[in-house]
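The values are calculated or read from the model by the stated rules, or taken from the named source; none is laboratory data. Since the structure is predicted, the reported quantities are computational estimates derived from the model, not experimental observations. Don't worry about glycine lacking a Cβ; one is built from the backbone with ideal geometry, like all the others, and counts go over all protein chains shown. Side chains included, ligands, DNA and RNA excluded: accessible areas come from the protein's heavy atoms. Shrake-Rupley method; radii C 1.70, N 1.55, O 1.52, S 1.80 Å.
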Amino acid sequence: MEYDFREIEARWQKEWRERGTYKVDIDPSRPKFYVLDMFPYPSGAGLHVGHPLGYIASDIYSRYKRSCGYNVLHPMGYDAFGLPAEQYAIQTGQHPAVTTEHNIARYREQLDKIGFSYDWDREIRTCDPKYYKWTQWAFLKMFAHYYDRTLGKARPIEELEKHLSEHGTEGLDAACTTELHLTAAEWNSMDEAGREKVLQNYRLAYRADTMVNWCPKLGTVLANDEVRDGLSVRGGYPVEQKRMKQWLLRITAYAERLLKGLDSLEWSDSLKEIQRNWIGRSEGAQIFFDVEMPDGSVRKLEIFTTRPDTIFGVTFMVVAPEHEWLGDMTTADRRAEVTEYVENSKKRSERERIAETKRVSGAFTGSYAVNPFTGKRIPIYVSDYVLAGYGTGAIMAVPAHDSRDYAFARHFGLDIVPVVEGGDISQASYDAKQGRMINSGMLDGLDVKEAVVKMFAEVERRGIGKRLVNYRLRDAIFSRQRYWGEPFPIYYDGDIARPLDESELPLTLPPMDNFGPTEQGEPPLARVKGWRYELSTMPGFAGSSAYYLRYMDPHNDNALVSPEADRYWRNVDLYVGGIEHATGHLMYSRFWNMFLYDTGYVCESEPFLKLVNQGMIQGRSNFVYRVVGTNKFVSLGLKEGYETQEIHVDVNIVKNDILDLDAFRKWRPEFADAEFILENGQYVCGWAVEKMSKSMYNVVNPDLVVEQYGADTLRMYEMFLGPIEQSKPWDTNGIDGVHKFLKRFWRMFRDRNGEWALSEEKATPKELKTLHKTIRKVREDIENFSFNTSVAAFMICLNELGECHKREILEPLTVLLSPFAPHIAEELWHAMGHETSVCNARYPEFDESHLVENTFEYPVMVNGKLRFKQEYPLTMTPQQLQEDIVTRPEAQKWLEGAAPRKIVVVPGKIINIVK
RNA sequence: GCGGAUAUGGUGUAAUUGGUAGCCACGUCAGACUUAGGAUCUGAUGCCGAAAGGCGUGGGGGUUCGAGUCCCUUUAUCCGCACCA
């Protein structure tokens, strides 16, 4: 009987579903293991060939862990809210709920064909009210908490109110938008609106008027991670800066913990580095400079610097165009120029601003500050090279030691005073943090490191500032002016935002059929009659921030996750997904989880212990070459003789770069009467690695591969392709090799006539050695996530076994293979007489005793070059080996009579004779 | 500019972590069995060379008895951040 993968796979997929083979429950008698995939956004294009790569890897690992005795939680669901469905709805009028439902059905069908071991009873969808009830719930909890920096954790907002009523802001160290100074009396005399305004300054989910990334084309604001190079990540539309009232999450409160927590995680160094950079911690000082205001008063202008040592070199100051005091600091004679400058910089898009970073621009405000150390009056400028969002939006400029300040000073003819030896300030600034201090009074003669320390102390002693840590991380903008997302459980009482009560959740998304913004530019929810709640909805990352917790207890209506389920499943042991979520989802999820940890709803502070980033799958395009002006196509190797035009050809009608000529003629009408110039009777196509997209005709649908080769072949081939973390083009050129392997494995259970032919004969030591070598290698490789080499190990195993039909070998081998090729393994497992699923079989252990060697064939090198081999017992000591090897005639030959200078022996590895 | 990664045959890749570079496949070539094969099996296949042998892991240098692996330097490609004070 032939290996009929279509029949086998369909039958077992049905059986698994009917028997509930992959259903899991809490089982305190077994250790848990949680394997999670990043759930997909169900797009209209269907599952592409890159998705399964990570899913297959995690499925192999899940099945392996399960076979090792773990109770494995391995769920799947859909990240179903989001922009594309809504954009599609605006274009076609189809309701996002309908298209999403349809796309999910398609995804499920595709996933099922690959034979994953998901427990589908735990499926979740972020757009399901039963699910997003808990997204809204978490938002309300964040709204009702603030962050106590002294305790380093979130606390109920009532405790803040109590503190304010008793002590004002005295002794309060809480994460906030701006530092407030209030007395208890002031707080107590405030009305509700006033108090709420104060509380919004502290709440972890808060509403504020801030500069946001506004994308006019999408009609919504975007978070920083959703913008790249001044364009929206989704769609690639221009993004501008705009001041708007928005909901935000105070993720910055957790900056330090998000940074520190990375150390305990088993993530790749590059991913940790991306998160570290995104958080962007820098140590420095906050220093106040006295400013002589045009109205005669003196104000203290706060700046942040990482180079307090260079303060003697400060010759001017710069504030951002958005700086609060800019208007007050501008003198009458300068007002026109400053106003024009601010207007111009506002008009420039983010993109232009990035493109013009080298161009120096700015304007003098007319005001002066005083350098607290030199006592000199220094001018204050405005320039957009200073960012409103970082630090205080104002800097002390040290042109001699900062290249941007240097360019600015050169442009405006300002003083440049060197304070660190080592550079030539007539040419460029000297930015390096090393050298001896000069022109710096009490710091003279110190080196930079010592000067920094001394200056911190001096600044604090004089009471003009203090040490401060600054972060690049910004609070996450949490509202989107869109329809297809979670509604905020918030209504307004005048300007006061009021939360719904928990018992009123979920606040369901009202049905509607027009998803564009209103004529007044309000979000689509403004069209809904009687909608008295917040008009914007939550962003995509809201629903994905705690989904891994919901899988633990997906049907619970009383809690996000019950304490029992939380304490059993704890957190994700292995998370597999793309690196593109480094600064988005993976950041928000950690924050969200830390908050739930602080508030006691979950028992682990980090959600994802080990994380593996599968590489992206690129497209591998194929080309044909049309002779210009004809309908003749010339094969790749012969095209040099012709003037040709390169045309993309559908990769699905090309195999191993050989074009299927008939399929090509049928592909498009204009090629129906195409002629070919062949080489060796074949048409060879050119190829290139490009982005996988419809327009390049290089999209490969996993369904087609399954149809042609079977799911087991697809699974093994995707693993065989190369290391899982590596990005690579999708290329089916080698898939035959893997398919052949499975056919060979199948035939080992059959005789020449295709009849069942398993033998009970004892295995030879050689066969046992091959088996146990393979077991050891495969186990090791799975643990290391090195699946490409484990597939190779299986192939080597069959090569070594040759013709072998022994149960003693094939039975453990079947179990060993089952995580990779579950269908064929299940079929053979049952054929061997087992009743229960192969995934419940104990994973084979290797037995060292079969692997022991008595002798070793030493490669003998002379001066590092292999000259001959010599077999010795492994029990021989290096001393004995050294003495014996020189007596060998081969050694004598290479030594040419001379005595060796030295002999290096590495037992079990090598003998090297130095002449 | 800063940070991270990668570079090995015609192709995808492997290398016990400093010990015979190229495992396992694809492709190619030769052969066997076949009415036939896009089936199956066997063998060869880094480069130069008739052979002996030599040369080979992006380039250059170093450490070592011995380097794909460690150090220095340089080039190319990819990714992240970027006027972050």
(request) With a cut-off of at least 1 residues that are open to solvent by less than 30 Å² (accessible area, probe 1.4 Å) and of a type in the set (Asp, Glu), name the helices (runs of 4 or more DSSP H) lying wholly within segment A:131-212. (result) A:192-200
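Based on what the data block shows, is A:Asp431 more than 30 Å from A:Thr252 (Cα to Cα) and among the acidic types (Asp, Glu)?
Numbers: more than 30 Å from A:Thr252 (Cα to Cα): no; among the acidic types (Asp, Glu): yes.
In short, no.
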(request) Provide a single number: the residues in segment A:229-280 that are within 22 Å of the chain's Cα centre (by Cα), more than 9 Å from RNA strand B (Cβ to nearest atom), open to solvent by 40 Å² or more (accessible area, probe 1.4 Å) and at pLDDT 85 or above. (result) 7
(message) Residues that are more than 16 Å from RNA strand B (Cβ to nearest atom) and not acidic (Asp, Glu): does segment A:386-393 have at least one?
(response) no
(request) Would you mention how many residues in segment A:771-790 are more than 13 Å from A:Leu816 (Cα to Cα) and among the β-branched types (Val, Ile, Thr)? (result) 1
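May I ask you to verify whether A:Ala400 is crowded, with 22+ Cβ neighbours inside 10 Å and over 30 Å from A:Asp229 (Cβ atoms)?
Numbers: crowded, with 22+ Cβ neighbours inside 10 Å: yes; over 30 Å from A:Asp229 (Cβ atoms): yes.
For A:Ala400, the condition - crowded, with 22+ Cβ neighbours inside 10 Å and over 30 Å from A:Asp229 (Cβ atoms) - is met.
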(message) For segment A:823-861: of the residues being open to solvent by less than 10 Å² (accessible area, probe 1.4 Å) and within 14 Å of RNA strand B (Cβ to nearest atom), which is farthest from A:Gly897 (Cα to Cα)?
(response) A:Tyr858
(request) Count, please, the residues in segment A:798-813 that happen to be modelled with pLDDT of 95 or more and within 14 Å of A:Phe741 (Cβ to Cβ). (result) 1
(message) I'm trying to understand the selection: among the residues of segment A:786-816, which are more than 11 Å from RNA strand B (Cβ to nearest atom), under 18 Å from A:Tyr61 (Cβ atoms) and in contact with a Leu (Cβ under 9 Å, 6 or more places away or on another chain)?
(response) A:Leu816
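If the requirement is being on the phi > 0 side of the Ramachandran plot and at pLDDT below 95, which of these qualifies: A:Gly629, A:Gly584, A:Gly641? Walk me through it before giving the result.
Values: A:Gly584 fails: on the phi > 0 side of the Ramachandran plot; A:Gly641 fails: on the phi > 0 side of the Ramachandran plot.
Exactly one residue qualifies, and that residue is A:Gly629.
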(request) Kindly provide the set of residues from segment A:238-283 that are closer than 19 Å to A:Trp592 by Cα, touching an Asp or Glu at 6+ places or on another chain (Cβ under 9 Å) and charged (D, E, K, R), ordered by number. (result) A:Arg250, A:Lys272
(message) Just to verify a result, which residue in segment A:286-296, among those that are in contact with an Asp or Glu (Cβ under 9 Å, 6 or more places away or on another chain) and not in a strand (DSSP E or B), is farthest from RNA strand B (Cβ to nearest atom)?
(response) A:Asp295
(message) Of everything in segment A:410-430, what is open to solvent by 70 Å² or more (accessible area, probe 1.4 Å) and in a loop (DSSP other than H, G, I, E, B)? Give them in sequence order.
(response) A:Asp415, A:Glu421, A:Asp424, A:Gln427
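Sort through A:Val370, A:Val360 and tell me the only one that's within 12 Å of RNA strand B (Cβ to nearest atom), hydrophobic (A, V, I, L, M, F, W, C) and open to solvent by 10 Å² or more (accessible area, probe 1.4 Å). Step through it out loud before you land on a result.
Numbers: A:Val370 fails: within 12 Å of RNA strand B (Cβ to nearest atom).
Checking each option against the conditions leaves just A:Val360.
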(message) Of the residues A:Glu322, A:Glu283, A:Glu302, A:Glu273, only one is under 30 Å from A:Ser429 (Cβ atoms), assigned to a loop (DSSP other than H, G, I, E, B) and not polar (S, T, N, Q); which?
(response) A:Glu322
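Do you know which residues across segment A:1-39 are assigned to a loop (DSSP other than H, G, I, E, B) and over 25 Å from A:Tyr70 (Cβ atoms)?
Within segment A:1-39, the subset assigned to a loop (DSSP other than H, G, I, E, B) is A:1-4, A:20-31, A:38-39.
Residues satisfying the conditions are A:Met1, A:Glu2, A:Tyr3, A:Asp4.
Going by the structure shown, is A:Tyr41 open to solvent by 20 Å² or more (accessible area, probe 1.4 Å), in contact (Cβ under 8 Å) with a residue 40 or more places away in the chain and out of contact with any helix residue (DSSP H, G or I) (no Cβ under 8 Å at 6 or more places or on another chain)? It would help to see each step written out before you state the result.
Values: open to solvent by 20 Å² or more (accessible area, probe 1.4 Å): yes; in contact (Cβ under 8 Å) with a residue 40 or more places away in the chain: yes; out of contact with any helix residue (DSSP H, G or I) (no Cβ under 8 Å at 6 or more places or on another chain): no.
In short, no.
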(request) Would you tally the residues in segment A:475-497 being of a type in the set (D, E, K, R) and surrounded by fewer than 24 Cβ atoms within 10 Å (Cβ to Cβ)? (result) 3
(request) Within segment A:566-589, track down each residue that is within 16 Å of RNA strand B (Cβ to nearest atom), part of a helix (DSSP H, G or I) and either basic (Lys, Arg) or under 22 Å from A:Val72 (Cα atoms) (or both). (result) none
